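Structure first, commentary second.
The values are calculated or read from the model by the stated rules, or taken from the named source; none is laboratory data. These numbers were taken from a predicted model, which means no experiment stands behind them. Note that we place each Cβ from the backbone using ideal geometry, even for glycine, and neighbour counts take in every protein chain shown. Note: areas computed on protein heavy atoms with side chains; ligands, DNA, RNA excluded. Shrake-Rupley method; radii C 1.70, N 1.55, O 1.52, S 1.80 Å.
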Amino acid sequence: MSSAKDVRGPRDGGPEAAPGSDPEVSARGRGADPEPPPPGGVLWSLSGDIRALLMLPAALTLQVAHPAVGAGVDEHSVFRTDPWGRGERSLRSLQLWVYGGAEAAEEGRRLRGLHRTIQGTDTRGRRYHALTPANYAWVHATGFPVYQHAARYLIRPMTPAQERALYAEWLQVGRILGIHDRDMPQTVEEFWPYWKKMLAGEIEATTVVRELVDVDQPVPPPDRGPWPLRTVLRALWPVLLPPLARFRRFVAIGLMPPDARAAVGLPWSAEQERRLRRMCAVLRAVVPALPERLRYLPRARAARAAWAAEVRRNG
């Protein structure tokens, strides 16, 4: 099993839940941007860990299971023509929310600007806009249950105090993105009824969901990284893509909370569950033993090193 340092929180000296004041009102009053999650908190250790990369397919699939979000991605995203570029930009953005410091709020403003023109009609014939509070909040809200559920497999189960801290920090990220407190449940206890209501009445297997879990969906070879590596991958892509597509589907469905998986209508067998548990047991044993430079993504590693240096300077 992983070390207790893998997921920090109140039990480990991490933060208690942040107060639920409206960030935009208070920020305007003091001329400051919303604060990113605190160094040493749950997200600080969780979102930069390389194992968090395996959680992203589940979160992204769940986001686009909302009819409005799915329609917006279907009609306006470049995920089909530039999947690697979109993935790189999304990961960079996610890391900025947590580790970006002063850049976090600027990234939030940039994202809102990008979404201002995204609108249309969803699969149920309803007009949508990407920044409609209910739609925008859903995209953000999906991160919490996926983190909470997937950490049980890949890292270790969180204590109730850690779950509350994670949710409080996720609310802080939402404020950076421009989500008002009034548009998100303010406690874990308020979140789960909202979650169940969304699963029961809103979520469905949209066109984009079906594409994301389709193992036969065409995906171009990677166009990032050193030229020799790209050349090799391009040559081997017909052989590499099928197993990679099957693995992506496996983790997207397997690390999705079971009630969400059922609501979307994605199949999952007992044998698949056993395979997932075996894979995650290996990762729980191996990843904590890796050096920091291999265990954490570059921006997370740099931020953690800077914070550790500051702690040492301040005694």
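Can you tell me which residue within region 155-178, out of those that are more than 27 Å from Arg112 (Cβ to Cβ) and of a type in the set (D, E, K, R), is surrounded by the fewest Cβ atoms within 10 Å (Cβ to Cβ)? Full working, then the answer.
Kept after step one, since they are more than 27 Å from Arg112 (Cβ to Cβ), are these residues of region 155-178: 155-164.
With the extra rule that they be of a type in the set (D, E, K, R), the set shrinks to 156, 163-164.
Numbers: Arg156: 16, Glu163: 21, Arg164: 21.
Checking each candidate, the answer is Arg156.
What helices (runs of 4 or more DSSP H) completely inside region 258-315 contain at least 1 residues that are farther than 18 Å from Tyr153 by Cβ?
Values: elements: 258-264, 270-286, 292-295, 298-313.
Per the criteria, 258-264, 292-295, 298-313.
Within region 215-239, track down each residue that is without any contact (Cβ under 8 Å) to a residue 12 or more places away in the chain and either in a helix (DSSP H, G or I) or open to solvent by 50 Å² or more (accessible area, probe 1.4 Å) (or both). Before the answer, list the steps.
Of the residues in region 215-239, the ones without any contact (Cβ under 8 Å) to a residue 12 or more places away in the chain are 218, 225-232, 235-236, 238-239.
Across region 215-239, the qualifying residues are Pro218, Pro226, Trp227, Pro228, Leu229, Arg230, Thr231, Val232, Ala235, Leu236, Pro238, Val239.
Could you please tell me which pairs satisfy a Cβ distance under 7 Å, a separation of 6+ or placement on different chains, a first residue in region 75-96 that is under 24 Å from Arg234 (Cα atoms), and a second residue that is open to solvent by less than 30 Å² (accessible area, probe 1.4 Å) and in a helix (DSSP H, G or I)?
Pairs found: Phe79/Val73.
Which condition number in (1) among the charged types (D, E, K, R); (2) loosely packed, with under 14 Cβ neighbours inside 10 Å; (3) farther than 15 Å from Ala58 by Cα; (4) touching a residue at least 12 places away in the same chain (Cβ under 8 Å) is the one that Arg246 fails?
(3)
So, in region 266-277, of the ones that are more than 21 Å from the chain's Cα centre (by Cα) and touching a residue at least 12 places away in the same chain (Cβ under 8 Å), which residue ends up most open to solvent (accessible area, probe 1.4 Å)?
From region 266-277, those more than 21 Å from the chain's Cα centre (by Cα) are 267-275; that's our starting set.
Now drop any that are not touching a residue at least 12 places away in the same chain (Cβ under 8 Å), which leaves 267-268, 272-273, 275.
Numbers: Pro267: 79, Trp268: 53, Gln272: 52, Glu273: 35, Arg275: 108 Å².
Ranking the candidates gives Arg275 first.
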